[in-house]
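Structure, as structure tokens:
Readers should treat all values here as calculations from the given coordinates under stated rules, not as data from a laboratory. Remember, it's a predicted structure, so these values are computed and weren't measured experimentally. Heads up, the Cβs are rebuilt from the backbone with ideal geometry, glycines too, and the neighbour counts pull from every protein chain shown.
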Amino acid sequence: MHRLALGLLLVLSLGGQVRAEEGSPVKVQVLNRTTTSWDGRLLPPYPAGQPEVTILRIVIPPGVQLPLHKHPVINAGMLLRGTLTVTTADQKVLHIKAGDGVVEVVDQWHFGKNDGTEPAEILVIYAGIQGQPVTINKE
């Protein structure tokens, strides 16, 4: 068996835990495991329907603020570079930096702003339903 495939098999263990075997070249770091979004609200149940996973890499230039929007589905991401400030409509604020994992708020109006001097690049994974949007902008 290919060494990489064997190494990846060693990562999984029983009980839903993720770990690497001692001496394995595979390293595992849990960035986040939670039942709540970053603002402390309990995540909603998954909606019924055909699941659809969407993965986006979003680059926000320095000084740019995204429009007020919300996500009707659970999503999580990791800031790959830069810094980002996320603010909800009720003024809860989250500051994230490169390497931070975040579970986003669901069905809550919010916006992100790059207050830094370099582009903020975030990888986001949405657990949605086929045919439904993952983001809704407030008009």
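Over the chain, DSSP H runs of length four or greater, each weighted -39,500 (n - 2.57), average out per residue to a 222 nm ellipticity of -2000 deg cm²/dmol. Among K27/K97; K27/K92; K27/K138, which pairs are too far apart, with a Cα-Cα distance over 31 Å? Among K27/K97; K27/K92; K27/K138, the Cα-Cα distance tops 31 Å for K27/K92; K27/K138. For mean projected area of the Cα convex hull in nm², the value calculated from this model appears in (1) 7.6; (2) 8.1; (3) 11.0 under label (3).
Listing H95, H71 from fewest to most neighbouring C-beta atoms within 10 Å gives H95, H71.
The protection proxy used here, the mean number of other Cβ atoms lying within 10 Å of each residue, ranks peptides 125-135, 51-61, 72-82 as follows, highest first: 72-82, 125-135, 51-61.
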